[in-house]
């Protein structure tokens with residue numbers, strides 16, 4: 001049975017801070033296997049072999065890019081010496097493998113070296129190595145760098161979100177135009193469509209459409225919350241613009257976004273009172 005765990009995030013000390021290292025192990029039996037060494041030297045992925053106490057018995061150049069130390073500076077030293085930010089997680093994985101004998105796969109490692117400004121990412125796989133008696137003598141680690149893939153995924157996700165928003169806007173506009181075409185003499189269905197489509201597009205709690213004529217603000221459409229709260233909204237209109245100074249601002253073409261009506265509106269209580277009656281505190285106001 002294989003186990004899959006979450007990600008590890010590490011950051012090297014800033015400013016080139018010195019890391020105290022334990023002395024390398026002496027007399028560590030590292031079998032000379034030319035074929036294995038060739039794989040370590042030429043593999044396009046990171047490779048390492050850890051002892052049960054989390055010391056690097058073998059590592060290739062690819063994997064040393066995680067922390068920037070040379071191969072020689074890793075050998076015989078502990079993970080805690082070389083990559084202290086990841087030590088707790090790595091030691092936990094090795095302990096788990098030594099206890100259960102099960103591999104741990106798909107662990108994502110993210111880190112930023114002191115000599116680099118960008119964060120890099122790897123996906124790692126951890127497998128026990130057994131001797132002829134079946135005893136676990138260490139852990140083989142394989143690491144594949146996925147930094148570019150994650151960057152591409154982030155760009156694609158951003159583009160996908162932008163495209164989705166654009167399509168949703170176009171769909172909402174098309175829906176409203178259809179209502180206008182089907183109701184040339186009655187504007188109420190048009191206002192209702194504007195309220196419903198706007199609320200859906202923004203994922204809002206509720207949306208109200210008001211019309212300002214001269215110095216009066218009148219409610220012409222809204223999305224329903226419940227009968228009681230809907231009645232409270234209707235009772236708030238019509239009112240003079242002086243009762244809702246925010247509407248006077250958007251009439252001048254401003255788009256206003258209020259994150260918290262309780263703390264940001266001050267003495268301009270009209271919109272805040274509506275928010276209290278309708279059960280919201282954030283507002284987005286725009287003029288068309």
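Worth pointing out:
- Label sites at residue 100 and residue 65, each approximated as a point 7 angstrom past Cα along Cα to Cβ, lie 3.0 nm apart.
- Per-bin percent of Cα-Cα distances, segment 151-285 [5 Å]: 2, 9, 15, 19, 20, 15, 10, 6, 3, 1, 0
- Residue order, fewest to most surrounding Cβ atoms within 10 angstrom, among 125, 244, 40: 125, 40, 244
- Site pair residue 53 and residue 282 shows an inter-label distance of 5.3 nm when each label is modelled 7 Å from Cα along Cα→Cβ.
- Order of 216, 57 under a 10 Å beta carbon neighbour criterion, fewest first: 216, 57
- Point-to-point label distance, residue 75-residue 188, nm (Cα→Cβ direction, 7 Å offset): 8.7
- R0 of 35 Å, Cβ-Cβ distance residue 273-residue 175: FRET efficiency to nearest 0.05: 0.65
- Diffusion constant of segment 32-145 at 25 °C, which comes from Stokes-Einstein with the Kirkwood Cα-pair radius and 0.890 mPa s, µm²/s: 171
A short reminder: the numbers here are calculations on the coordinates, not readings from a lab. Because the structure is a prediction, the values reported are computed rather than measured. Counting neighbours? That spans all protein chains shown, and the Cβs are built from the backbone with ideal geometry, glycine included.
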